Structures are given as C-alpha cells and as structure tokens.
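In what follows, a structure is listed as structure tokens, so that the remarks can point back to it.
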Ligand SMILES: C[S@@+](CC[C@H](N)C(=O)[O-])C[C@H]1O[C@@H](n2cnc3c(N)ncnc32)[C@H](O)[C@@H]1O
C-alpha cells in the first residue's frame, strides 16, 4: 500500500479530514472553499426531488449528507468508501435518514447497472489505483438521463507538469491532464460534457443520455 492510501486509512486523518485537512489542502490546490465545491456539486448533479445519488469515495461523508439536503422524501444518497476509519467517522458525524454508507471499492461498485440518478466522486480519483476503471464503473451504475460529476487533480502538459507528476507518483498520487476525463466521457457516449480547471484541480460533469437520445 502506498503512502497516499496509508494516509487515507489512518484514523488520525479521518478525525481531522472534514474540518481541517480538506478545507486547507483543497483551498491551496484549487483556490476554492468547501462551501463553493458543495454548492457547485449540487448544480452539476442537478439535484432535486426523490433522486437516488451515489457518492463514490465519500470519505467521512462530508459531501454525502450535504447533498441529501437537496432531495425530497424518497430521495437517498449512498456513500461508498474503502477506508473503515473514514466510514466510522461518516456514521458518527454525517448520518441522516436520507443517507447510508457502505464499504466498497470504487473499481468494482456493488450496484447493478443504471441504479442511480446521479453519481459523483470528489477529490479521490488521483488516489485510486485504476482511476479510469473506477470512472467507467460510475458510468455503468448511472441511469440513463442521470448526471455524473467528478473533481480531481489537474496538471498542465508541459515540463513542469511532467516533473510534478513524477513527484506526485512517488507518494502514490496521480495527476491528470485536461483531456483524459472529457475524452473518456465522450467515448462512453455521455453528453453535455463540461470541464472547469481551477489551479491544480479539474471539475468535469456530464449527462448519460436516455436511449432515445443516444
Ligand atoms: C481525499 S478523500 C475525499 C473525500 C470526499 N469525497 C471529499 O471530496 O472531501 C479520498 C477518499 O477516497 C477513498 N478511496 C481511495 N481509493 C478508493 C477506492 N479504490 N475505493 C473506494 N474509496 C477509495 C479514501 O478512503 C478517502 O476516503
């Protein structure tokens, strides 16, 4: 297990992640606050009504419960993460009647095709050993007409980018160029693909078309 994965499995990180670690590191990486990221997540996923939502690599549930607040009766957000300490923290701090947590691997999501109306994965694909496999899994479990939104690392395709990628890979982190996720979404047949880059983070969202729109 590499350093990044070890860190995510540490109870000490789970204890400080939502209040200190995420706000600080993501602000440095993107110039954005958690509040802004949460607000944009709701609009990217077009949350409303009794939607079924999946939050992949949910950590301590810091987005999971927030997203559930935009759903009406019958709506539900499932958070999946492989880290037991993160899930314990999620259950302690971010429980709600419209939220549930499960332990699982983003690369083999334990859900049938087309289960969710919206699927997201924030701040985690750069930690997952097979990030493109995980992204395809998210698309698989998304229902036709549903929305997908991710946020992950971004690096420019130049010498500085190559050096940064090398340095990051030593600790188990991966940096992605501008094309990889929009191209993957396009090849999977997704539409309405939108990408925004903020410093070292990229935000990509898209729609899975209904069969009559494909
Ligand atoms: C930086 S946290 C992100 C938490 C939250 N989504 C956020 O945006 O703040 C990354 C999470 O990814 C989880 N993770 C990493 N690899 C995973 C995998 N293969 N399957 C499920 N979760 C994974 C880690 O356990 C950790 O909780």
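Applying 0.36 nm per residue to the separation of residue 72 and residue 2 and subtracting their alpha-carbon distance, the gain on full extension is 21.2 nm. Arranged from fewest to most other beta-carbon atoms within 10 Å of their beta carbon, 171, 30 become 171, 30.
For the chain, the fraction of C-alpha pairs farther apart than 22 angstrom is 47 percent.
For the chain, set up a GNM with springs between Cα atoms under 10 Å and report which of 44, 91, 143 has the largest fluctuation. Per the Cα network of the chain with a 10 Å cutoff, 91 tops the list. Going by neighbour counts of Cβ atoms within 10 Å, the residues 150, 180 line up, fewest first, as 180, 150.
Calculate the translational D of region 1-58 in whole µm² s⁻¹ from Stokes-Einstein, where the hydrodynamic radius comes from the Kirkwood formula applied to all Cα pairs, the temperature is 10 °C and the viscosity 1.306 mPa s. The partial results should precede the final answer.
Numbers: Rh = 13.5 Å.
The diffusion coefficient I find is 118 µm²/s.
Take every DSSP beta bridge whose two residues both sit in region 3-207; close to 40 percent of them are antiparallel. Between residue 173 and residue 210, the C-beta separation translates, for a Förster distance of 25 Å, into a calculated FRET efficiency of about 0.10. Arranged from fewest to most other beta-carbon atoms within 10 Å of their beta carbon, 43, 68, 165, 211 become 211, 43, 165, 68.
Would you calculate, for the chain, the mean residue ellipticity at 222 nm contributed by helices, counting each DSSP H stretch of 4 or more residues as -39,500 (n - 2.57) and dividing by all residues, to the nearest 500? Working shown, then result.
Numbers: 9 runs with 79 residues, N = 214.
When only DSSP H runs of four or more count, the value is -10500 deg cm²/dmol.
For region 28-63, the residues whose backbone nitrogen is under 12 Å from a point 7 Å from the Cα of residue 93, taken along Cα to Cβ, are 59-63. Once the C-beta distance of residue 27 and residue 196 is scaled by a Förster radius of 25 Å, the resulting FRET efficiency is 0.95 to the nearest 0.05.
Is any residue of region 58-72 close enough, with backbone N under 19 Å, to a label point placed 7 angstrom from the Cα of residue 19 along the Cα-Cβ axis, and if so, which? Only 59-66 pass the distance filter.
Quote the FRET efficiency, to the nearest 0.05, computed for residue 133 versus residue 12 with a Förster distance R0 of 25 Å and r equal to the Cβ-Cβ distance.
Numbers: r = 29 Å, r/R0 = 1.17.
Computed FRET efficiency for residue 133 and residue 12: 0.30.
Coordinate-derived values only; no laboratory data. All values derive from a computational prediction rather than experimental measurement. Because the Cβ atoms are built from the backbone with ideal geometry, glycine has one as well, and the counts that use them run over all protein chains shown.
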